[in-house]
Amino acid sequence: MTDVPPDLDLEPREPEPLAASPTAYAPSVAERLAILQRAGGVIVPVMTAIFAFLMGGIVVAATGHNPLKVYKGIISGTGLPWFVHFGHHHIDIPFTHHQVFFWWDTSVANNDAYNLQQMLIIATTLTFTGLAVAFAFRCGLFNIGGQGQYLIGVITGLWIGTKFSGMGHLPHILFAVVVASLAGALWAAIAGFLKATTGAHEVISTIMLNWIAYWIGSWVFGQGGPLQNSFNKSLPVSNDVVPSAKLWVIWGNPALQALHIGFLVALAALVAFWFTLNRTTLGYEVRAVGFNPEAARYGGISVAKNYVVAMAVAGMFAGLAGVMDMLGYQYRFGVLDVQTSQIGFIGIAVALLGRNKAIGIGLSALLFASLLYGTSTRTLDPSVFPPTLASNLTWMIQALVLLFIGADVLILYVWNARRKVLRAPRAPRPQPTGSS
Amino acid sequence: MVARAETPRWTGLGARQIAVGGILLGCFAFLVALPPITARAQWWPPLLGILAIGAGIWSLTRGARRPGWFAIAAGILGVGLGILATQASSGNLDYVVNWAPLFSAMFVFATPLTYAALGGMFSERSGVVNIGLEGMMLTGAFFAVLGADKLGNWFFGIVCAIIAGGLLALIHAFVSIHLRADQIVSGTAINFLALGVTGYFFYKVYGEQGTPGSISQVPDRPRLGFLSHIPWAGHFLYEVFGTLNLLIWFAFLMLIVSHIVVFRTPIGLRIRAVGEHPRAADTVGISVYGVRYAAVVLSGMLAALGGAYLSIGFVGSFNENMTAGRGFIGLAALIFGNWRPFGAFAAALLFGFSTALAFRLGQPWGNAAVLFQALPYVLTLIAVAGVIGRSIPPAASGRPYRKQ
């Protein structure tokens, strides 16, 4: 194979390069999105996910495990089986002592319900980090800095959440959330500002900012650091969040990890993301810059401003993820967490599999959260599949999702070939003209 | 009188030379306060630093802008660090600033970065951005251990690492060249894949107890015993260069070879042509895809060598995600060094030195020394932003090419 098959009619018609502009060589980020859109809705992401899981299954089978059993074990740990166990149960009406009939068992004792809560907690974080990647993406920027912005949100959130214990519940939470998301926004805006003023590539600057945040985190939570535990000076972990800054629990036992209100905020963020992009001037400008910065500039839109704004909004989402995690269920963070946390990077896979759309991000956040929680040591039975292997399997599946998403041309080719077989008797389509 | 067309000369020196002198003075402002000189008087660093700044301003106003700025920066840093050093206790100073171990550690830390940066240079010079260096390095680290352990010899470990790194790079090459995927997405995927594959097989093969301690390691050869017989500096030279690892020497060799290949051979010209203007290269009959494939696979092999050095050269074992971002620092070194082998090597040495210093500073400073580890990233951020001399990537870097 020397080139991609020429009968792939979903490619954008490339204009002949004016002068020697190298930008004319390949589809831009936004053009790729347009290709996927034309390829028909959910087909590419769904096929991508199926391929990735299939290949993950092949690896599992090749190393002497039964892939069906493994996947079944993972799914049973995600809490999703909760939905298929109907019964005669009751649920509290909020803010009253009344109960009404409910099909599912929401009681604290139900293990599946507990697993579901944990999965949704992770899905909350992934929704935010996915939005952080997606919003920048829609402006034509690749924000790999979600992890760093998340860490900045964590650090600021913990700074406020572990101090100011005299404040009221609502003001304290609002204070922490607002400041942490602003900190994340500022952190990301550095990359946007550099891109806007000096043209420094955002991928490079966000990678650098990630590592700077990583070392800042190692310092503040490390021994002698400003946020290090004040009770045990040998512990490289922060203090616990004070009770007045803990988020409200909406489902589950607050003594264990329970689903916090951040889940609803994440849902609201998805709506806000859709609304901002599709129904406001800001969103219009951001998308215009994403599709074609030159055309946007010609149309009177400030490209520089939109780069900064898009990165700031993206950083705000990632910062929200950090502060929600801290105030919602983790309550503390340590140097080890700084080193092992990868949740911001998973946001890349979430956003790309979700095609940078609100609904897609929500669904793929659920998928990846199920995968992450289902393979954790807490839920996966080691006799079925060792969790250490499973968590690495998760990485492989994510990598394959990204590879296939990147190689959308391949997926589209397969999809097209299938369609061509189905439509074989029909007249041939007109061949594309222009550059081939 | 004849009007002089040239820049005014002062004692026969050009603005550039003065600026270089200023940079050296700025460094010296810091150095006087350190062992072996250890000037304890507080006025030494400011005196030398002000001279450095003066030289910088003088050459700045006479056309040598970039060196001038460097001289001013060196002067300011020299004064600040010098005063700090005169405040420190001399016991701490003697512990932290022990030059021979510092330099030797600098080479140890810089070697993986050098391999990664050289790999990245081939890839980026041919027009393919390689964010996946980190993953290729990690793969090299794991398969080096696996090969050295199962085949019984470090040499086979290195061979396994090179093959594994090359194969992983081949995936990146296929996806980003043939399928014209977004190279950043593909590179990120490569990193995830390496994390998953190495972790999976690490646990599958070695289980929870980790790699055995008896793995065949790359020897610290050649031992340059004759260095210690050199009068005056012999002991110092032996401590720095005498017991370096074989793979460190190989890194020096690769550095020189890379420089010659990229800038002095037709192959290098083709690589650079493909990275700067693929269509023009295609027009004169260079296979854009072929060159890019070769460059990306080569970059994976080099990065894997860096990983192999980490695992069977330096540490002697493998841990999950043991590269811990070194591939990214290598990438930073490449950018900081302006996509040139020796520039990247200089940056790698600087970053390696700051890591070595951060470890040493842990004694007096405690945990705050980790902030020093952020220095490479801050410097790279400044470099890409172009505050002091802009780093400019190859023109077609990151852009897939379509044949016409």
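The values are calculated or read from the model by the stated rules, or taken from the named source; none is laboratory data. Just so you know, these numbers come straight off a predicted model, no measurement behind them. Cβ sites come from the backbone with ideal geometry, for glycine too, and all protein chains shown count toward neighbours.
For this structure, a couple of remarks:
- Hits in segment B:273-304 (condition: more than 15 Å from B:SER176 (Cβ to Cβ), touching a residue at least 40 places away in the same chain (Cβ under 8 Å), within 14 Å of chain A (Cβ to nearest Cβ) and in a helix (DSSP H, G or I)): B:GLU276, B:ARG279, B:ASP282
- Verdict on A:ILE405 being within 14 Å of chain B (Cβ to nearest Cβ), under 30 Å from A:PRO171 (Cα atoms) and either over 13 Å from the mean Cα position of the chain (by Cα) or aliphatic (A, V, I, L, M) (or both): no
- B:SER397 among the hydroxyl-bearing types (Ser, Thr, Tyr), in contact with an Asp or Glu (Cβ under 8 Å, 6 or more places away or on another chain) and either touching a residue at least 12 places away in the same chain (Cβ under 8 Å) or facing chain A (nearest Cβ under 10 Å) (or both): yes
- If you go through segment B:244-257 and keep only what is touching a Gly at 6+ places or on another chain (Cβ under 9 Å) and either not assigned by TED's automatic domain parsing to the domain that holds B:SER123 or not in a loop (DSSP other than H, G, I, E, B) (or both), you end up with B:LEU246, B:LEU247, B:ILE248, B:ALA251.
- Residue match in segment A:187-200 (condition: among the β-branched types (Val, Ile, Thr), in a helix (DSSP H, G or I), in contact with a strand residue (DSSP E or B) (Cβ under 9 Å, 6 or more places away or on another chain) and modelled with pLDDT under 95): no
- Test result for B:SER176, within 9 Å of chain A (Cβ to nearest Cβ) and either in contact with a His (Cβ under 8 Å, 6 or more places away or on another chain) or at pLDDT 95 or above (or both): no
- A search for C-beta distances below 7 Å between a residue of segment A:357-384 that is outside any helix (DSSP H, G or I) and any residue that is of a type in the set (Lys, Arg) and at pLDDT below 90, counting only pairs 6+ apart in sequence or on different chains, returns A:VAL384/A:LYS69.
- Per the listing B:LEU113, B:LEU138, B:LEU168, B:LEU133, the residue uniquely closer than 21 Å to B:ALA358 by Cβ, buried (at least 24 other Cβ atoms within 10 Å of the Cβ), within 14 Å of another protein chain (Cβ to nearest Cβ) and among the hydrophobic types (A, V, I, L, M, F, W, C) is B:LEU113.
- Residues considered: A:GLY322, A:GLY315, A:GLY344. Of these, the only one that is modelled with pLDDT of 90 or more, within 14 Å of chain B (Cβ to nearest Cβ) and assigned to a helix (DSSP H, G or I) is A:GLY344.
- Across segment A:167-203, the qualifying residues are those that are free of Cβ contacts under 8 Å to residues at least 60 places away in the same chain and of a type outside the set (A, V, I, L, M), and the one among them that is nearest to the other protein chains (Cβ to nearest Cβ) is A:THR198.
- The set of residues from segment A:204-220 being of a type in the set (Val, Ile, Thr) and within 8 Å of chain B (Cβ to nearest Cβ) comprises A:ILE204, A:ILE207, A:ILE212, A:ILE216.
- Selection count where residues are modelled with pLDDT of 80 or more and either among the acidic types (Asp, Glu) or under 17 Å from A:THR375 (Cβ atoms) (or both), scope segment A:82-113: 1
- In segment B:12-35, the qualifying residues are those that are in contact (Cβ under 8 Å) with a residue 12 or more places away in the chain and either hydroxyl-bearing (Ser, Thr, Tyr) or not in a helix (DSSP H, G or I) (or both), and the one that is surrounded by the most Cβ atoms within 10 Å (Cβ to Cβ) is B:ALA33.
- Considering B:PHE143, B:PHE155, B:PHE122, B:PHE109, the condition of being part of a helix (DSSP H, G or I), out of contact with any helix residue (DSSP H, G or I) (no Cβ under 6 Å at 6 or more places or on another chain), in the same structural domain as B:GLY362 (by TED's automatic domain parsing) and not small (Gly, Ala, Ser) is satisfied by B:PHE155 alone.
For every residue, the table says whether it meets (1) free of Cβ contacts under 8 Å to residues at least 40 places away in the same chain; (2) crowded, with 20+ Cβ neighbours inside 10 Å; (3) touching an Asp or Glu at 6+ places or on another chain (Cβ under 6 Å).
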| residue | (1), (2), (3) |
| --- | --- |
| B:SER317 | no, no, no |
| B:MET322 | no, no, no |
| B:ALA348 | no, yes, no |
| B:GLN373 | yes, yes, no |
| B:VAL378 | yes, no, no |
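- Hits in segment B:36-60 (condition: closer than 12 Å to B:ALA85 by Cβ and either of a type in the set (Asp, Glu) or assigned to a helix (DSSP H, G or I) (or both)): B:TRP44, B:PRO45
- Residue list for segment B:171-218, filter: small (Gly, Ala, Ser) and on the phi < 0 side of the Ramachandran plot: B:ALA173, B:SER176, B:ALA181, B:SER186, B:GLY187, B:ALA189, B:ALA194, B:GLY196, B:GLY199, B:GLY213, B:SER214, B:SER216
- Any hit, segment B:84-98, residues being in a helix (DSSP H, G or I), under 30 Å from B:ARG272 (Cα atoms) and not assigned by TED's automatic domain parsing to the domain that holds B:VAL291: no
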